[in-house]
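Undergrad: Input: one structure, supplied below.
The values are calculated or read from the model by the stated rules, or taken from the named source; none is laboratory data. Just so you know, these numbers come straight off a predicted model, no measurement behind them. Every residue, glycine among them, receives a Cβ derived from its backbone with ideal geometry; neighbour counts consider all protein chains shown. Protein only, heavy atoms only, side chains kept; ligands, DNA and RNA dropped before computing areas. Shrake-Rupley method; radii C 1.70, N 1.55, O 1.52, S 1.80 Å.
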Amino acid sequence: MVNLFKQLLSFIKLGRLFASPGSFIRSTVDSYEDVDLTENLTLDTIDLVLAINENSVIAASNLATKKNALTIIDLNHLPNENSQQNPRFKAALNTADLVFSANRKLATALEIDYNRHITISRHVQERKVQSKYIDLKKVFHLIDDTQLIIFDAKICHPFLSKPYDLLKHNLTFIASILAQLPHQTHVIVTGSLAESKIFDKHKNTFDKHNCATRVHFYIENLEAIKYQINYSNIDIALLLGDQEGHTPNQYYKYLHEQVAIFSTEFADANQLVTSANIGKVFKGTNCDEWITAILTFLQLSQNKRDIYKKALNQQKQQINSQRETQHFINSIINIITATAKTDRLSAVIVDLSKNQITNRTHDIGYMLVEQDIHVSILAPYLPVIHGPQCSNIEYIKVS
């Protein structure tokens with residue numbers, strides 16, 4: 001009843017449901033290291049405690065010690081210098097039963113720093129096949145011969161200090177490129193309402209480059225528009241940004257849709273793009289280099305385009321949510337097997353991220369529930385409205 005009452009109080013604040021994470025500032029706790037996570041727990045016995053990202057590591061480790069549970073740590077970027085120098089943080093990583101990293105670059109760095117094996121678990125979200133799609137050429141009244149380049153402007157790495165400055169920089173770079181591409185080439189920028197506002201604010205950049213009529217913003221995931229984009233009409237997908245330390249979520253999105261990827265460098269880019277022969281990775285943002293590569297690709301024959309499609313399909317078979325989920329679950333089952341426990345397992349996911357509960361927390365929760373594991377999630381910020389998959393997950397607010 002206490003948890004239900006707290007959720008009702010959260011529901012009253014409906015304004016937050018429609019606001020972007022960057023449109024308001026929430027008060028945050030500087031550190032949750034010494035918070036007692038057992039306070040609101042309804043479980044007497046806990047088998048697994050999972051810490052999502054560095055803010056959760058120490059508190060989750062303390063909880064696991066109190067409950068005599070296995071500790072699993074999941075990191076999607078290299079911990080900051082303060083965490084790395086914190087003896088309690090280092091001890092938690094050294095003694096954890098299992099540590100996951102989001103990419104090989106991160107795993108290598110952690111293996112060097114902590115002298116232990118790190119298991120790679122890519123953060124791949126499930127993308128279902130839709131029965132209906134939206135044709136962007138029809139949405140923006142473009143002729144069939146129009147060539148389309150798409151750029152997902154959504155900021156998926158909130159640990160950046162000034163994420164919208166990065167978006168401004170990316171839009172300026174795109175304008176510089178588009179101005180020198182043929183007039184039949186258009187750019188579709190996608191994102192949420194928050195990115196749309198930033199795009200409108202800086203649209204004069206495209207005016208200055210005389211290409212404003214060839215760039216269009218499409219707001220994804222509106223309640224009124226429930227159909228996904230028809231990516232068969234898209235020629236190239238762009239990945240831009242300060243992302244060397246992690247693998248952007250957009251990579252998996254475009255791989256699923258089998259669109260050639262042109263990207264700045266990111267973690268594991270050589271393995272995920274260059275070696276896979278599904279696009280091109282650039283060391284910087286030299287406009288001439290990008291323009292030459294884009295023009296060369298757009299002029300390829302259909303036979304050579306089909307070679308890219310085949311390579312994209314092969315890579316998609318290797319990296320997808322089903323395979324990654326199985327790998328994640330198998331890694332956990334391997335450490336559980338040693339305990340010889342036969343009763344139903346219980347897991348607590350600790351996500352003490354500032355300002356929001358992460359998608360990774362939800363994804364792991366769904367994966368564990370599908371294995372008939374009882375799941376509780378401890379977090380400072382809870383979803384106002386729970387999706388259907390959350391019905392078997394207990395959310396508990398940490399304060």
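Undergrad: Determine if region 202-217 includes at least one residue that is basic (Lys, Arg), within 14 Å of residue 168 (Cα to Cα) and at pLDDT 90 or above.
TA: Within region 202-217, one or more residues are basic (Lys, Arg), within 14 Å of residue 168 (Cα to Cα) and at pLDDT 90 or above.
Undergrad: Looking only at region 169-181, which residues are touching a residue at least 40 places away in the same chain (Cβ under 8 Å), of a type in the set (Gly, Ala, Ser) and open to solvent by 20 Å² or more (accessible area, probe 1.4 Å)?
TA: Within region 169-181, the subset touching a residue at least 40 places away in the same chain (Cβ under 8 Å) is 170, 173-177, 180-181.
Narrowing the set further to residues that are of a type in the set (Gly, Ala, Ser) leaves 175-176.
Hit for region 169-181 is 176, nothing else.
Undergrad: Moving on to the next point. Output the number of residues of region 182-213 satisfying the condition of being of a type outside the set (Asp, Glu) and open to solvent by 10 Å² or more (accessible area, probe 1.4 Å). Break it down stepwise before answering.
TA: To start, the set of residues in region 182-213 that are of a type outside the set (Asp, Glu) comprises 182-194, 196-199, 201-206, 208-213.
Still in the list and also open to solvent by 10 Å² or more (accessible area, probe 1.4 Å): 182-184, 186, 192-194, 196-198, 201-205, 208-210, 212-213.
Within region 182-213, residues that are of a type outside the set (Asp, Glu) and open to solvent by 10 Å² or more (accessible area, probe 1.4 Å) number 20.
Undergrad: Here's another thing I want to ask about it. When only residues in region 277-306 that are open to solvent by 20 Å² or more (accessible area, probe 1.4 Å) and part of a loop (DSSP other than H, G, I, E, B) count, which is nearest to residue 253 (Cα to Cα)?
TA: 277
Undergrad: Separate question: Against the conditions (1) open to solvent by less than 80 Å² (accessible area, probe 1.4 Å); (2) part of a helix (DSSP H, G or I); (3) in contact with a strand residue (DSSP E or B) (Cβ under 9 Å, 6 or more places away or on another chain); (4) at pLDDT 95 or above, where does residue 316 fall short? Just the number, please.
TA: (3)
Undergrad: Moving on. What are the residue pairs meeting all of these: first residue in region 89-112, first residue among the small types (Gly, Ala, Ser), second residue at pLDDT 95 or above and in a loop (DSSP other than H, G, I, E, B), Cβ atoms under 6 Å, and 6 or more apart or on different chains?
TA: Within 6 Å, the pairs are 101/118; 107/118.
Undergrad: While we're here: For region 257-276, which positions are crowded, with 21+ Cβ neighbours inside 10 Å, of a type in the set (Gly, Ala, Ser) and not in a strand (DSSP E or B)?
TA: Listed by number, the residues that qualify are 267, 269.
Undergrad: Just give me the residues in region 96-106 being outside any strand (DSSP E or B) and modelled with pLDDT of 95 or more, in sequence order.
TA: Listed by number, the residues that qualify are 96, 97.
Undergrad: Sticking with this one: Only one of 331, 346, 321 is open to solvent by less than 70 Å² (accessible area, probe 1.4 Å), closer than 28 Å to residue 378 by Cα, of a type in the set (Ser, Thr, Tyr) and under 16 Å from the mean Cα position of the chain (by Cα). Can you tell me which? Even if it seems obvious, please write down each step before you answer.
TA: Numbers: 331 fails: under 16 Å from the mean Cα position of the chain (by Cα); 346 fails: under 16 Å from the mean Cα position of the chain (by Cα).
After applying the criteria, what remains is 321.
Undergrad: Quick check: is even one residue across region 353-375 touching a Lys or Arg at 6+ places or on another chain (Cβ under 8 Å), modelled with pLDDT of 90 or more and at negative phi?
TA: Scanning region 353-375, I find at least one residue that is touching a Lys or Arg at 6+ places or on another chain (Cβ under 8 Å), modelled with pLDDT of 90 or more and at negative phi, so the answer is yes.
Undergrad: Are any residues in region 229-251 under 23 Å from residue 306 (Cβ atoms) and assigned to a strand (DSSP E or B), and if so, which ones?
TA: Within region 229-251, 229, 236, 237, 238, 239 qualify.
Undergrad: Moving on to the next point. Filter region 124-168 down to the residues that are open to solvent by 30 Å² or more (accessible area, probe 1.4 Å) and of a type in the set (S, T, N, Q), then identify the one that is modelled with the lowest pLDDT.
TA: 161
Undergrad: Kindly check whether there is at least one residue in region 108-118 that is of a type in the set (Lys, Arg) and either in contact with a Phe, Trp or Tyr (Cβ under 6 Å, 6 or more places away or on another chain) or in a loop (DSSP other than H, G, I, E, B) (or both). Write out each step before concluding.
TA: Going through region 108-118, the residues of a type in the set (Lys, Arg) turn out to be 116.
Filter once more, keeping what is either in contact with a Phe, Trp or Tyr (Cβ under 6 Å, 6 or more places away or on another chain) or in a loop (DSSP other than H, G, I, E, B) (or both): 116.
Checking region 108-118: at least one residue is of a type in the set (Lys, Arg) and either in contact with a Phe, Trp or Tyr (Cβ under 6 Å, 6 or more places away or on another chain) or in a loop (DSSP other than H, G, I, E, B) (or both).
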